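Only one structure is covered here, and it is reproduced in the block below.
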Amino acid sequence: MKITLHIWRQKDSKSKGFLEKHLLDNVSPHMSFLEMLDVLNESLVSGGKEPVAFEHDCREGICGSCSMMINGCAHGPQAKTTACQLHMRSFKDGDSIYIEPWRAKAFPIIKDLVVDRNSLDRIVEAGGYISVSIGAAPDANSIPVSKNIADTAMDAAACIGCGACVAACPNGSAMLFTAAKVAHLNVLPQGQPERKTRVKAMVKQMDEELFGGCTNHGECQEACPKGISIDFIGLLNRDYLKASFSRDE
Amino acid sequence: MTLNSNIPDGPIEKKWDNHKFNTKLVNPANKRKYNIIVVGTGLAGASASATFGELGYNVKAFCFQDSPRRAHSIAAQGGINAAKNYQNDGDSVYRLFYDTVKGGDFRSREANVYRLAQISLNIIDQCAAQGVPFAREYGGTLANRSFGGAQVSRTFYARGQTGQQLLLGAYQALSRQIHKKKVTMFPRTEMLDVIVSNGRAIGIVVRDLVTGEISSHLADAVVLATGGYSNAYFLSTNAMGCNVTAGWRAHKKGAYFANPCYTQIHPTCIPVSGEYQSKLTLMSESLRNDGRIWVPKEKGDKRPANEIPDEERDYYLETRYPSFGNLVPRDVASRNAKERCDAGYGVGETGLGVYLDFRDSIKRLGEQAIRERYGNLFEMYERITGENPYKVPMRIFPAPHYTMGGLWVDYNLMTNVDGLFAIGEANFSDHGANRLGASALMQGLADGYFVIPYTIGGYLAKVNPGEVDENDSAVKEAVNQVEETTEKLISIKGKQSADYFHKKLGRIIWNECGMSRTKEGLEKAINEIPKLKGEFWENLSIPGNSKTLNQELEKAGRVADFLEFGELMCIDALTREESCGGHFREESQTETGEAKRIDERFSYVSAWEYKGENEKPELHKEELEFEHVKPSQRSYK
Ligand SMILES: Cc1cc2nc3c(=O)[nH]c(=O)nc-3n(C[C@H](O)[C@H](O)[C@H](O)COP(=O)(O)OP(=O)(O)OC[C@H]3O[C@@H](n4cnc5c(N)ncnc54)[C@H](O)[C@@H]3O)c2cc1C
Ligand code: FES
C-alpha cells in the first residue's frame with residue numbers, strides 16, 4: 001500500500017509545531033499502525049534525521065501509553081481500539097493520514113506526539129483509592145460482593161488512563177476518566193466509608209487542573225477504547241451532589 | 001565472596017515466622033529518618049513503595065513510563081494464584097509449595113517457595129480490601145479457575161485483565177502515599193547506574209527523559225523492581241520498554257546475576273507476520289483446552305487448512321503424548337512446535353506457525369459455547385491477523401515470555417551488595433527453571449507487600465540513617481561515567497538504528513539460546529555477539545542530542561546492555577549441560593527424546609560475577625537442597 005502521512009512535529013513544549021509530510025510506499029496491510037510508524041522512523045534514523053516521538057509500550061491495548069489523533073479521531077477510526085491495536089488494513093491504498101497529538105489544555109505537548117498526562121495521576125492521588133493499611137485486611141471472602149456489583153466495578157475499572165476521553169471532548173474535560181475511577185470504588189462495599197470524601201476530593205482536583213467542564217457531548221464515550229459508559233458520569237454527579245449536601249467528612 | 005542464602009533455621013513451616021521475629025526492628029520514630037529508593041512501579045515496585053511509605057520511611061520511586069500505572073505488569077491477563085482453598089478441592093499452602101517447586105523443575109529454593117505459598121493468602125485479602133474487582137460467584141464470594149495445568153482451582157482473576165487490576169490496586173495505594181508526601185514519584189526517569197561505595201549501595205544515577213539531565217539520588221537502601229529481560233530476544237510478549245539495564249548495571253557494580261539462561265517460551269502466541277514485526281501477542285493458554293494442534297503430514301503443503309483432510313493432518317501432541325495431548329506443559333508444547341517447523345512442516349506464509357484448530361469443539365459444543373469461553377480472544381486474534389478463527393484454524397507459534405533468571409538475592413531479597421535489594425521478576429528467587437502460570441503476579445506482590453517491608457527493616461536497623469555522603473567520590477564517579485557513556489553513544493553518528501542491532505541480537509539468541517540449545521550453537525553465539533557489539537559501537541545512529549526527549553538514545557542504552565547481557569545468557573547456557581525446566585539441551589535427552597535433568601551435576605543456582613569488560617565472568621554456585629519435595633523426572637507420555 002502507498003500511504004501519505006501528515007504528522008505533527010514539535011521540538012519541545014515551547015516551540016511551534018507543524019505538519020510534516022512523508023510518503024510510505026511499501027506498507028503491508030498486516031502491519032499495526034505503530035509498526036508503520038516504526039518503519040518511517042527507521043528510515044529517518046538511518047538518514048540521520050530525528051524520528052517522530054510517540055508514546056507506546058505494551059502494544060496490546062492495555063497500558064494506555066499510546067495516544068494520538070488519527071484523522072481527527074482519538075486512537076483512529078476503529079471503535080474500541082487503541083492506536084497500537086489498529087492495523088493498516090483499516091486504511092486503503094493511496095490514503096492520506098493525519099496524525100496529531102492529544103490536544104487539551106491539561107495535556108501540554110512535550111515533543112511531537114508526546115504529551116504530559118500527569119494531571120490524570122494527580123486526580124487519583126487526591127482520593128482515587130481505598131485507605132486500607134497493608135496487612136490489615138480481613139479474609140477476602142468476609143466481604144461478599146454481589147456479582148453484578150463486582151461486574152459494574154470491573155466495567156468502570158477497565159479504564160486504561162490513556163486520556164482519549166479528554167482529547168475527544170470539545171471542552172477538554174476529564175469527567176469520564178474521573179467518573180470511572182469514582183464509580184469503580186464507590187459502588188463496592190469496601191469503598192463505602194470514603195464514598196463522599198473521595199468524590200469531593202477527586203472532583204476538586206479535576207477542577208484545579210486545566211480540564212474543561214462537562215456539557216454532555218458524549219464524545220468521550222465514543223472515543224474510549226475500552227467502551228467506558230457515560231452512565232458513570234451520572235453516578236459521579238449523584239454522589240457529588242449527595243456529598244456536597246452532607247456534613248460528614 | 002561466598003554466597004550465603006541466609007535461609008533461617010527451623011522447620012519449613014516456621015522459618016518465615018521465626019525470621020520475622022528474629023529480625024531487628026527499626027524504631028517507629030526513627031523510620032522517617034531513613035530514605036529508600038525503589039526503581040520500578042510494577043506490581044513489585046508499586047506495592048513495596050506504598051508499604052514503605054505507610055510504615056513511615058521516606059521513599060523515592062522511579063519509572064521510565066510517563067505514569068507508574070503503565071508498568072508492564074498491567075498486561076498480565078490470566079490470573080494470580082493463592083492457596084485459599086475456597087473451592088474446597090484439596091488445595092493448601094503445602095500443595096502450592098509442592099507444585100511450584102516441581103514446576104520449577106527442582107531448581108528453586110524450597111524455603112523461598114514455601115514462604116511465597118504462605119503469603120499468597122494475604123495477597124488476595126489485601127487486594128480484595130483495596131477494591132480489586134475480582135470475578136465473583138452469584139453468592140458474592142470470589143471465583144476461581146484452574147490454570148496452566150494445575151489440578152486445583154486456585155487462580156483468582158479479574159476478567160482477562162488481572163494484571164491491570166492488581167497493578168491499579170498497588171498504584172492506588174502508591175498514589176495515596178504520594179498524596180501524603182511519603183513517596184516522591186519520578187516518572188519518565190531512567191536509572192542508569194547504582195552507586196556503590198565500600199561494598200554498599202548508597203544511591204542511583206538517573207537520566208530525566210524529558211530534559212536529559214543526569215543526576216544522582218542517595219538513600220540508605222536501594223530496591224530494584226525493574227522487571228524481566230525477555231526483550232533480549234527482541235521479539236517477545238513483553239512491552240516494548242522492558243529491558244535489563246537496571247539489573248545489568250547493578251551486575252557491573254558487583255551484584256551477581258543468577259541463572260540468566262532460564263527463560264520461558266510461551267507456546268501460544270500469534271506468529272510473526274513480517275520483518276517489521278515489533279512484538280508478539282500472547283493468546284491465553286486456556287485455548288489449548290478446546291483447540292487441537294496440528295500441522296500437515298506433507299512438507300510444505302500449501303493447501304488452505306480446511307481443505308486438508310483429517311488423515312493428512314499430524315496432530316503431533318496427541319500422538320506423541322497420548323495422556324496429556326494438547327495440554328502438555330508450556331515447554332513441551334513450545335519445543336514440539338519448533339521441532340515441526342524446523343523440520344519443514346510449519347504453516348502460514350513464513351512457515352513458522354502451527355494450527356490451533358477449534359473445528360471439532362465447535363462441532364461438538366456449538367459456536368455459541370466457544371464464543372462464550374473465548375470470544376474476546378477470538379476477536380483479538382481477528383483484529384491482529386484479519387482471520388476469523390471460527391472459520392479457519394488459528395496459527396500460533398512460541399514466543400519468549402518470562403525470565404526466571406535475575407539478580408541473585410538471599411532469603412531477605414538482598415543481593416550480595418549490601419543495601420541493594422531486588423524484587424519481582426528482576427530477581428531470580430522463586431521459580432527455579434520454569435514458572436507456573438499465574439505465579440509471577442503472586443511473587444511480585446508477595447515480595448513488595450509482605451516480604452521486603454520486613455527484611456529491609458532488618459538491614460536498616462543495622463545502619464545509621466542518612467550516613468550516606470553526597471561528597472563520596474563514588475557518587476561523582478558514577479555520574480561522570482553515565483554522562484560519558486551517553487555522549488559516547490550519541491557521538492557514534494553511524495548509519496543504523498538501535499533496533500537494527502537489537503533485531504540481529506534477538507535472532508542470534510533466539511536461534512542458539514531459545515527453547516533448545518547445543519554446545520556448538522552456544523559457542524557460535526558467544527563468538528558472534530561480541531562482533532555485533534563491536535559493530536554497534538561503530539555504526540549506531542542516534543539523531544538529535546541528549547538534552548531533550550530522545551527515544552533513540554533510550555533504546556540505544558538498553559540495546560548496549562542487552563548486547564553484553566546476551567553473551568552472559570549464552571555463557572550460562574553453555575555451562576548448564578542439562579535439559580531443565582523451560583529449556584532443552586540437545587545433548588541431554590532420554591532415549592525417547594525427552595528432557596533429561598542431571599541432578600548430580602547441576603542441582604545448583606548459577607550466580608555470575610562480573611570481572612570487567614572483555615573478561616570472562618566467574619561462576620559461583622549455590623547448591624540446592626531438597627528436604628521436602630524429592631526430585632523426580634517429569635513425564636507426560
Ligand atoms: C503478556 C503477559 C501476560 C502475563 N500474564 C501473567 C498472568 O496471567 N499471571 C502471572 O502471574 N504472570 C503473568 N505474566 C508475568 C507478569 O506479568 C510479570 O512477571 C510481572 O508483572 C512483573 O512485575 P514486576 O513488578 O517485577 O515488573 P514490571 O511490571 O515489568 O515493572 C518494571 C518497572 O520497572 C521500571 N523500570 C525498569 N527499568 C528501569 C530503569 N532502568 N529505570 C527506571 N525504571 C525502570 C519500569 O518503568 C516499570 O515501572 C505475564 C506477562 C506477560 C508479558
Ligand atoms: S501501547 Fe499500550 S495501550 Fe497502546
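The values are calculated or read from the model by the stated rules, or taken from the named source; none is laboratory data. Computed from a predicted structure; not experimentally measured. Using ideal geometry, Cβ is built from the backbone for each residue, glycine included, and neighbour counts are taken over all protein chains shown. Only protein heavy atoms, including side chains, enter the accessible area calculation; ligands, DNA and RNA are left aside. Shrake-Rupley method; radii C 1.70, N 1.55, O 1.52, S 1.80 Å.
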- line: So the FRET efficiency between residue B:539 and residue A:28, C-beta based with R0 = 30 Å and rounded to 0.05, is 0.65
statement: Computed over chain B, the convex hull of the Cα set has an average projected area, in nm², of 27.7 nm²
Most to least packed among B:201-212, B:582-593, B:75-86 [average Cβ atoms within 10 Å]: B:75-86, B:201-212, B:582-593
query: Per residue of B:61-69, how many C-beta atoms from partner chains lie within 10 Å of its own C-beta, taken as a mean?
result: 4
field: Cβ-Cβ FRET estimate between residue A:148 and residue B:13, R0 fixed at 51 Å, reported to 0.05
entry: 0.80
statement: For segment B:490-602, whose charge dipole is built from +1 on Lys and Arg Cβ atoms and -1 on Asp and Glu Cβ atoms, the candidate among B:496, B:522, B:557 with its Cα farthest towards the positive end is B:496
- request: Using the Kirkwood radius over Cα pairs, work out the Stokes-Einstein diffusion coefficient for segment B:497-583 at 25 °C and 0.890 mPa s, in µm²/s as a whole number.
  value: 178 µm²/s
Over 32 Å between alpha carbons, listed pairs B:363/B:637; A:14/A:204; A:80/B:363; B:279/B:533; A:2/B:524; B:84/B:279: A:2/B:524; B:84/B:279
- prompt: After finding the eigenvalues of the alpha carbon gyration tensor for chain A, what semi-axes result from the square roots of 5 times each, listed largest first in whole Å?
  reply: 38, 19, 16
message: Just the number: Rg to Rh for segment B:233-325, Cα atoms, Kirkwood Rh, two decimals.
response: 1.12
message: Relative contact order for segment B:488-545: what percent, with Cα pairs under 8 Å and sequence separation of 6 or more?
response: 68 percent
Hull volume in cubic angstrom per residue (convex hull over the Cα atoms of the protein assembly as shown): 158 Å³
message: Among B:12, B:454, B:239, whose Cα projects farthest towards the positive end of the dipole of the protein assembly as shown, with charges put on the beta-carbon of Lys, Arg (+1) and Asp, Glu (-1)?
response: B:454
- request: Taking 7 Å along the Cα-to-C-beta vector as the label spot, tell me the residue A:71-residue B:520 distance in nanometres, rounded to one decimal.
  value: 5.3 nm
message: Averaged across A:82-90, how many Cβ atoms of other chains sit within 10 Å of each residue's Cβ atom?
response: 2
message: I need the P(r) histogram for segment B:321-445: all alpha carbon pairs, bin width 10 Å from 0 out to the longest distance, whole percents.
response: 11, 28, 30, 19, 11, 2, 0
- line: Calc'd 3J(HN,Hα), segment B:608-614, phi into Karplus 6.51 cos²θ - 1.76 cosθ + 1.60 (θ = phi - 60°), Hz, glycine/Pro = x, comes to 9, 10, 6, 10, x, 4, 6
statement: Descending packing, highest mean Cβ count within 10 Å first, for B:527-533, B:121-127 is B:121-127, B:527-533
query: So what is the calculated 222 nm ellipticity per residue for the protein assembly as shown, using -39500 (n - 2.57) for each DSSP H run with n of 4 or more, over all residues, to the nearest 500 deg cm²/dmol?
result: -11000 deg cm²/dmol
query: Can you give me the Cα centroid spacing of segment B:341-420 and segment B:511-525 in angstrom?
result: 24 Å
- prompt: Sorted by average packing, counted as other Cβ atoms within 10 angstrom per residue and highest first, what order do B:24-32, B:50-58 take?
  reply: B:50-58, B:24-32
message: What do you get for the angle between helix A:195-208 and the principal long axis of chain A? Use alpha-carbon atoms, 0 to 90 degrees, nearest ten.
response: 40 degrees
task: Give the value in nm², to one decimal: projected area of the alpha carbon convex hull of segment B:578-637, averaged over all directions.
output: 5.7 nm²
message: If the reach is capped at under 20 angstrom between alpha carbons, list the lysines near residue A:11, excluding any in the same chain fewer than eight residues apart.
response: A:21, A:49, A:105, A:111, B:547, B:555
field: Size of electric dipole in segment B:265-401: Cβ of Lys, Arg +1 and of Asp, Glu -1, about Cα centre, debye, nearest 20
entry: 200 debye
field: Shielding by partners, peptide A:152-159 (average Cβ within 10 angstrom, other chains)
entry: 5
task: Please name whichever of B:130, A:27, B:582 sits farthest to the positive end of the charge dipole of the protein assembly as shown, dipole taken about the Cα centre and charges placed at Cβ: Lys and Arg +1, Asp and Glu -1.
output: B:130
- line: Taking only the Cα positions of segment A:118-244, the convex hull volume per residue in Å³ is 107 Å³
Under 19 Å from the Cα of residue B:15 - lysines, other chains or at least 8 residues apart: B:24
- prompt: Quick one: putting +1 on the C-beta of Lys and Arg, -1 on the C-beta of Asp and Glu, what dipole do you get for segment A:3-110 around its Cα centre, in Debye to the nearest 20?
  reply: 460 debye
statement: Under a 1.4 Å probe, counting only protein heavy atoms, residue B:594 has an accessible area in Å², nearest 10, of 40 Å²
- prompt: What list of whole percents do you get for P(r) of segment B:265-401, with Cα-Cα distances grouped in 10 Å bins up to the one holding the largest distance?
  reply: 12, 46, 37, 5
message: Can you tell me the length gained on complete extension of the stretch residue B:319 to residue B:469, counting 0.36 nm per residue apart and subtracting the Cα distance?
response: 47.4 nm
task: On a 0 to 90° scale, report how tilted helix B:519-539 is relative to the longest principal axis of chain B, with both axes built from alpha carbons and the result rounded to the nearest 10.
output: 60 degrees
Extension gain from residue B:488 to residue B:587, taking 0.36 nm per residue of separation minus the Cα-Cα distance: 31.4 nm
- prompt: ³J(HN,Hα) across segment A:214-222 via Karplus (A = 6.51, B = -1.76, C = 1.60, θ = phi - 60°), whole Hz, x for Gly/Pro?
  reply: 9, 10, 6, 6, x, 4, 4, 5, 4
- request: About the Cα centre of segment A:79-212, how large is the charge dipole given +1 on each Lys and Arg Cβ and -1 on each Asp and Glu Cβ? Please answer in debye to the nearest 20.
  value: 240 debye
